[in-house]
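A short write-up of the structure that comes next.
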Amino acid sequence: MKVLVVEDEQLVRELLCFYLQRAGHEPVEATSAPEAIAQFRLHEGSIRLVLCDYSLPAGESGATVVATLRRLNAQTSFVLMSGYPLDALALPPEVRRGVVLLQKPFMAEDLMSIVRAAVQAKGLSAAA
């Protein structure tokens, strides 16, 4: 399954991609909101899941990325990651609906469990 990983911290992004590859997924990397949107469009229709950091560079928000990408493909599953307490995130209801939240730091097992849950919530196959 193709997974868009939106994370500005290189070490975190590389680790996420490593875990996803090890589990048989195909990660696509982005470091910012504009890059995430460009990659999503480049891989039109083939990205099944987006793992996105809540805080991105230049004041960008993962919530904005989710809202934009959801308009492009409503069938995509979304996971927002944050080091902030999850109940403190200012997520508009239209973004919060259907988004899985993942608290940083997390273990590889937690990540893979969340990936499975996000995909199953949309009724998609992880092999697709």
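A short reminder: the numbers here are calculations on the coordinates, not readings from a lab. Everything quoted here is computed from the prediction, not taken from an experiment. Positions of Cβ are generated from backbone atoms using ideal geometry, with glycine treated the same way; all protein chains shown enter the neighbour counts.
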Averaging over all projection directions, find the projected area of the Cα convex hull of the chain and quote it in nm² with one decimal place.
-> 6.8
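Please report Met107, Met81 as a ranked list, fewest other C-beta atoms within 10 angstrom at the top and most at the bottom. Kindly include the intermediate steps, with their values, before the conclusion.
Details: Met107 9, Met81 25.
Final ranking by Cβ density, sparse to dense: Met107, Met81.
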Points 7 angstrom from Cα along the Cβ direction at Arg22 and Ala67: gap in nanometres?
-> 3.6
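Quick one: pull the percentage of alpha-carbon pairs in the range 1-52 with a separation above 18 Å. Please list the in-between numbers first.
Values: 285 of 1326 pairs.
Looking at the range 1-52, the distances longer than 18 Å represent 21 percent of pairs.
Full extension from Arg97 to Ala58: what is 0.36 nm times the residue separation minus their Cα-Cα distance, to one decimal in nm?
On the way: separation 39, 0.36 × 39 = 14.04 nm, distance 2.54 nm.
Between Arg97 and Ala58, full extension yields 11.5 nm more.
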